[in-house]
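Novice: Got a structure for you, questions after.
Every number in this text was worked out from the coordinates using simple rules, so none of it is lab data. Model, not experiment: these values are computed from the prediction. No Cβ is skipped: glycine too gets one built from the backbone with ideal geometry, and neighbour counts run over all protein chains shown.
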Amino acid sequence: MIDPLAALRPGAHSAVFTCMGVTAQDRVFILTDRARAAIAEALAEAARSAGAVVRIVQLEDYAPRPIVAVPVALHQDLVTFAPSVTFYAATGQKGEITFRIGLRVFLVHDLHVRHAHMIGITEQLMTQGMTADYHQIARLTEQVYDLARQAHEIHVTSPAGTDLTARFDPALRWVPCTGIYHQGGTMGQSARRETFTCPATAEGVVAASVLGDYFSEKYGVLPTPIFFHISAGEISRVTGANQALVDEVTAYLSSAENGRRMGEFAIGTNIGLNGLTGNLLQDEKLPGIHVAFGDSYPHETGATWSASIHVDVIPTSCTIELDGRTIMVDGKFTL
């Protein structure tokens, strides 16, 4: 008989033990949906093997999708269960970013949990991105963080047409995401290997091959790039061969206050990855940069503005210069 969890166990073990440091003293709350129930069960099995108390719940049991705010019943269940570790292992739907932002703030800042945010997790990601050498990548992430947090200007180019210059305010924080979260009140994507901040401003063009939010699951890897033209830190226009996609992206980014504003600049550090998959959760950690338009993660970066949407865009084969020092050429670190 085929074991449906067999292929998922190594990635689940890495997420539970290496990333989140789950022990018998922990209470683990796993929020999933019907599409990702097997992944949730693999995470639960690993957590139970550590002796932790585990509860799995599904989004569809609380409200119809898309969910735009934290349901009262979910809020009450979390307070009653009093978790020390939480996992969000579910698909993403259009319009749910406000729910996820509110949930993360509640979990990390109010309940002070260790939170693994695995939005868009797939079985492919569990068997690939979740099995990398986390400790090696954590060391690289800290090295890149130490350089980036001192940078005044970062210039990025790519063969597809990216030519972006971002400038940074030392008052805004860079956040190192090593993928290892063993202290209460910390969070990140378990597959997350990056350091990020909110830029002060940016000028230029980003040629994106993968888009975030609901676009990732809907479109995967784009057959041709979509180009984001940026002036004074905001999108001035979007262009590309697929005009229907250009119109859809433009309308979505224009639907919210600050939705066209660049809220995130990040350097991906997962050297265990070797190509795009079309899944944002994994692809944004590829060695290179990604930027996002919309929410600036103010609780983490210290930015003074926010937005109700957050759309990541990912170029590939980047060359990166920090204040004139080259740290990456064609997607390969030169540190």
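Novice: I'd like the distance between the alpha-carbon centres of the range 53-118 and the range 197-252, rounded to an integer number of Å.
Specialist: 28
Novice: If you work out volume of the Cα convex hull per residue in Å³ from the coordinates, which of (i) 138; (ii) 169; (iii) 127 do you get?
Specialist: (iii)
Novice: Work through the residues other than ALA6 whose Cβ is under 15 Å from its Cβ and net out their charges, Lys, Arg +1 and Asp, Glu -1. Can you show the working numbers first?
Specialist: On the way: positive: ARG9; negative: ASP3, GLU41, GLU45, GLU123.
In short, -3.
Novice: Right, here's the next one. To the nearest 20 debye, what is the magnitude of the charge dipole of the range 1-55 about its Cα centre, counting +1 on the Cβ of each Lys and Arg and -1 on the Cβ of each Asp and Glu?
Specialist: Its charge dipole is roughly 100 debye.
Novice: For the chain, build the charge dipole from Cβ charges (+1 Lys, Arg; -1 Asp, Glu) around the Cα centre, then report which of VAL16, THR316, HIS135 sits farthest towards its positive end.
Specialist: Of the listed residues, the answer is VAL16.
Novice: On a straight-distance basis, which lysines could pair with LYS218 in a cross-link, Cα separation under 24 angstrom, same-chain partners fewer than 8 positions away excluded?
Specialist: Filter leaves LYS94, LYS285.
Novice: For GLU264, what residues show an amide H to amide H distance below 5 Å, using hydrogens built from the backbone and excluding near sequence neighbours?
Specialist: Amide H neighbours of GLU264: ALA292.
Novice: Mind listing the phi-derived Karplus ³J(HN,Hα) values for the range 16-26, rounded to whole Hz, using 6.51, -1.76 and 1.60 with θ = phi - 60°, and x for any glycine or proline?
Specialist: In residue order, the calculated couplings are 6, 8, 6, 6, 9, x, 5, 10, 5, 7, 8 Hz.
Novice: Have a look at the DSSP beta bridges in the chain and tell me what percent are antiparallel, nearest 5.
Specialist: So the antiparallel bridges amount to about 70 percent of the total.
Novice: Moving on to the next point. In degrees between 0 and 90, to the nearest 10, how far off the longest principal axis of the chain does helix 134-148 point, with axes built from Cα atoms?
Specialist: 40
Novice: Can you give the calculated 222 nm mean residue ellipticity of the chain, where each DSSP H run of n ≥ 4 adds -39,500 (n - 2.57) and the sum is split over every residue, rounded to the nearest 500 deg cm²/dmol? The partial results should precede the final answer.
Specialist: Values: 10 runs with 82 residues, N = 335.
Rounded to the nearest 500, it is -6500 deg cm²/dmol.
Novice: Quote the charge dipole size of the chain about the Cα centre in Debye, to the nearest 20; the model charges only the Cβ of Lys and Arg (+1) and of Asp and Glu (-1).
Specialist: That gives a dipole near 440 debye.
Novice: Roughly how big is the range 133-333's charge dipole about its Cα centre, with Cβ charges of +1 (Lys, Arg) and -1 (Asp, Glu), in debye to the nearest 20?
Specialist: Values: 13 positive and 23 negative charges, 46 e Å.
Dipole about the Cα centre, nearest 20: 220 debye.
Novice: Set the Förster radius R0 to 35 Å, insert the Cβ-Cβ distance between ALA171 and LEU276 as r into 1/(1 + (r/R0)^6), and round the FRET efficiency to 0.05.
Specialist: On the way: r = 34 Å, r/R0 = 0.98.
Efficiency, from the Cβ-Cβ distance: 0.55.
Novice: Then there is this: How far is helix 243-253 tilted, in degrees, relative to the longest principal axis of the Cα atoms in the chain, given as a value from 0 to 90 rounded to the nearest 10?
Specialist: 70
Novice: What order do you get for CYS177, CYS198 when you list them from fewest to most C-beta neighbours inside 10 Å?
Specialist: By the 10 Å Cβ count, ascending: CYS177, CYS198.
Novice: Hey, can you grab everything whose amide H is under 5 Å from the amide H of ASP33? Only 5+ residues off in sequence or another chain; H modelled, so Pro and N-termini drop out.
Specialist: Under 5 Å from the amide H of ASP33 lie the amide H atoms of LEU59, THR91, each far enough along the sequence or on another chain.
Novice: Also, quick follow-up: Once you put a point 7 Å from the Cα of HIS182 and another 7 Å from the Cα of GLN58, both along the Cβ direction, what distance in nm separates them?
Specialist: Simple spin-label model gives 3.6 nm for this pair.
Novice: Moving on. Go through the range 261-277 residue by residue and turn each phi into a ³J(HN,Hα) via Karplus (6.51, -1.76, 1.60, θ = phi - 60°); whole Hz please, and just put x for glycine and proline.
Specialist: 8, 6, x, 8, 10, 9, 10, x, 10, 7, 6, x, 9, 9, x, 6, 10
Novice: Here's something else I'd like to know. For the range 153-158, just list the computed ³J(HN,Hα) in residue order, Karplus coefficients 6.51, -1.76 and 1.60, θ = phi - 60°, integers in Hz, with x standing in for Gly and Pro.
Specialist: Running phi through 6.51 cos²θ - 1.76 cosθ + 1.60 with θ = phi - 60° gives 8, 10, 10, 10, 10, 8 Hz.
Novice: Using 0.36 nm per residue, how much length does the chain from ALA35 to VAL79 gain when fully extended, once their Cα-Cα distance is taken away?
Specialist: Using 0.36 nm per residue and subtracting the Cα-Cα distance, I get 13.3 nm.
Novice: For the range 179-286, which chymotrypsin sites (Phe, Trp or Tyr not before Pro) are both in a DSSP coil and crowded by at most 11 other Cβ atoms within 10 Å?
Specialist: none
Novice: Sticking with this structure for a sec: Positive end of the charge dipole of the chain (Lys, Arg +1 and Asp, Glu -1 on Cβ, about the Cα centre): tell me which of GLY331, ALA200, ALA40 has its Cα farthest that way.
Specialist: ALA40
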